[in-house]
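One structure is given below, represented as structure tokens, and several questions about it will come after.
The values are calculated or read from the model by the stated rules, or taken from the named source; none is laboratory data. Note that the coordinates shown come from a computational prediction; the quantities given were computed from them, not determined experimentally. Here Cβ is always computed from backbone atoms with ideal geometry, including for glycine, and neighbour counts include all displayed protein chains. The protein model used for the area step is the full one, side chains on, heavy atoms only, and it has no ligands, DNA or RNA in it. Shrake-Rupley method; radii C 1.70, N 1.55, O 1.52, S 1.80 Å.
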Amino acid sequence: MKITEKLPEGVAPGAGLDLESIIDSSRLSGFQIAIMACCALIAMMDGFDTQSIAFVAPEIASAWHIEASAFGSVFGAGLFGGLIGAMTLGMASDRFGRKPILLFAVALFAAGSLVTPFVTSVMELRVVRFVTGIGLGGALPSFIALTSEYAPRRLRATLVSLMFCGFPLGAVLGGFASAKLIPLFGWTSVFIAGGILPLLVLPVFIVFIPESVRFLVLKKDHVSIVRVLRRMKSAHTWSGQGTTRSPVPRAPLSSLFTHGRAAGTFLLWITLFLSLLLTYYLINWIPIIARRNGLGIESAVIAVSMLNLGSIVGCVVIGRLADRFGPAIVIGPAFTLGAVAIALIGYAGQSGALLCAIAFMAGALSIGAQMCTIALCASFYETLLRATGVGWSIGVSRVGAIVGPVVGGILLGAGVSSSSLFLIAGLISFGAAMAMFAMGWFVLRVRTSEVDEPSKHNMQGVTY
């Protein structure tokens, strides 16, 4: 079989390439970029719908004549639904495929969004947000896995991180869109938009986006594999083999803790738990602390937007550096420097400009590092475990998202000063840094020295 592309190390001239080698050694095609762009678009809608309830909560409270504090349980119901969705649909994605589970999850959160304008009580709103949360959380493992499995290893952290930037970008754009829609059409318009847009994208995704080619290998669907490789313009190089690696065990959940994965799984969970606790701690309490310090609501809202914008910039930069130097040696210091930036938020005082500048840096470093940790998670697990590993990691991180606002409220109620509140938040970021440094030293460094045991590991060449 004629080979026209550069062969990776270990492949003899004239022998066809296995599928994984084709993806890792070939140039990134327009077809692969289109897949990742569609995943980024879904991530953007996921981010919009996830934070939409926060945008409209004051308007609903006013319309229903209820206290704003009643929305604590509504926010919690959505986050808990996201936890359930990430874990259960993540495992389903490893069993039934990325594409069908992703389509189901998107349809579910679109339907939940469209139903929301018809609820008439807080209890009904809790139920609808819980169901919507299942879809929102359940979409994450599939579009992260799909992007990871079409990305060459040399660019995987960059591409997954860049795709995942759609999530905070959706939150930012959602905030601006809500500010325009609510005065003109009322709070229900936000949920109508959040439901219609995903439904418009679904037909495009159904027709043009294939199943993960690496997942097709596990199903031994050679006809579909050849069809995908033709679209990548690489069918002529394929040897007919899927991968040089041995298959993983059939029990996906228990396999997260076998064959040397246990330490890495727990350290990823710790890092993501702390980092998402930190994210929601900051998003929920920066506006309130800013108002308490005498800043206007505009400055408070812009500060949160700068936090999200910073995370997008940081995610791209950190992801690119992680591909070049290794994930832990980049992500760990980013969390550490982010801890300093977060601690400085408490000293911004009554300067809106200073608050926005520091919030941008905190977002770029700590939240950007968190998003790159998700990319590392996608690379850490083999194909048959990837969505399960990502899903459970996201599920555990959602526990942190629930805990974060509660911790902030307890501290605020106890009379803790603004500077101390953000110092504590900085320590949380530092804790995530320590977990990532441990990941690099005890897990990734060991994997680098064991590249000759591919059945256990799938991050060959990763350096600490």
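Under a 1.4 angstrom probe, counting protein chains only, how are Phe143, Phe167 ranked by accessible area, largest first?
Largest accessible area first, the list is Phe167, Phe143.
If I take every Cα pair under 8 Å that is 6 or more residues apart in the stretch 131-240, average their sequence separation and divide by the length, what percent do I get for the relative contact order?
Worked out over the stretch 131-240, it gives 20 percent.
Ranked by accessible surface with a 1.4 Å probe, highest first, in what order do Phe31, Phe205, Phe257 come?
Phe257, Phe31, Phe205
If you wrap a convex hull around the alpha carbons of the stretch 53-138, what volume per residue comes out, as a whole number of Å³?
On the way: hull volume 6.2 nm³, N = 86.
Output value, Cα hull per residue: 72 Å³.
Taking only protein heavy atoms into account and a 1.4 Å probe, give the accessible area per residue of the chain in Å². Don't jump to the answer; show the numbers that get you there.
On the way: 18370 Å² over 464 residues.
Here the per-residue accessible area is 40 Å².
Using only the alpha-carbon atoms, how far is helix 122-149 inclined from the longest principal axis of the chain? Give it as 0 to 90 degrees, nearest 10.
With rounding to tens, the tilt is 30 degrees.
Ok, one more. Taking only Cα atoms, what is the 0 to 90° angle, nearest 10, from helix 297-325's long axis to the longest principal axis of the chain?
20
Give the share of C-alpha pairs in each 5 angstrom bin for the stretch 325-440, from 0 to the last occupied bin, in whole percents, shortest bins first.
The distribution over the stretch 325-440 is 2, 12, 17, 20, 20, 13, 8, 5, 2, 1, 0, given as percents.
Still on this structure: How large is ³J(HN,Hα), in whole Hz, for each residue of the stretch 349-360 in order, when computed from phi with the Karplus curve 6.51 cos²θ - 1.76 cosθ + 1.60 and θ = phi - 60°, using x for Gly and Pro?
Here the 3J(HN,Hα) series is x, 9, 8, x, 5, 5, 4, 5, 5, 5, 4, 4 Hz.
Pairing the Cα long axis of helix 383-413 with the longest principal axis of the chain, what angle in degrees results, from 0 to 90 and rounded to the nearest 10?
Tilt of helix 383-413: around 20 degrees.
Sticking with this one: In deg cm²/dmol, rounded to 500, what helix-only [θ] at 222 nm does the chain give when every DSSP H run of at least 4 residues adds -39500 (n - 2.57) and the total is split over its residues? Walk me through the numbers on the way to the answer.
Numbers: 19 runs with 344 residues, N = 464.
When only DSSP H runs of four or more count, the value is -25000 deg cm²/dmol.
In Å and whole numbers, how far do the C-alpha atoms of the stretch 13-169 stretch along each principal axis, longest first?
74, 29, 20
Now for a separate question. Within 14 Å, Cβ to Cβ, of Gly186, how many net charges do the neighbouring residues add up to if Lys/Arg are +1 and Asp/Glu are -1?
0
How are the C-alpha pair distances of the chain spread across 20 Å bins, as whole percents from the shortest bin up?
For the chain, the pair-distance distribution reads 26, 56, 17, 1.
Taking the full set of protein chains and a 1.4 angstrom probe, give the accessible area of Ser351 in square angstrom, rounded to the nearest 10.
50
Would you list Tyr281, Tyr347 from the most to the least accessible area, probe 1.4 Å? Don't jump to the answer; show the numbers that get you there.
Values: Tyr281 5, Tyr347 150 Å².
From most accessible down to least: Tyr347, Tyr281.
Within a Cβ distance under 12 Å of Arg320, other residues only, what is the Lys/Arg minus Asp/Glu net charge?
Local net charge: +2.
Ignoring ligands, DNA and RNA, what percent of the 1.4 Å accessible area of the chain is carbon and sulfur?
Of the solvent-accessible surface of the chain, carbon and sulfur hold 70 percent.
Count the net charge of all other residues whose Cβ sits under 15 Å from the Cβ of Phe104, scoring Lys and Arg as +1 and Asp and Glu as -1.
0
Sorted by average packing, counted as other Cβ atoms within 10 angstrom per residue and highest first, what order do 38-47, 111-120 take?
Values: 38-47: 23.9, 111-120: 18.1.
The packing order, highest mean first, is 38-47, 111-120.
Given a 1.4 Å probe and the protein chains all in place, what does the accessible area of Trp285 round to, in Å² to the nearest 10?
The accessible area comes out at roughly 50 Å².
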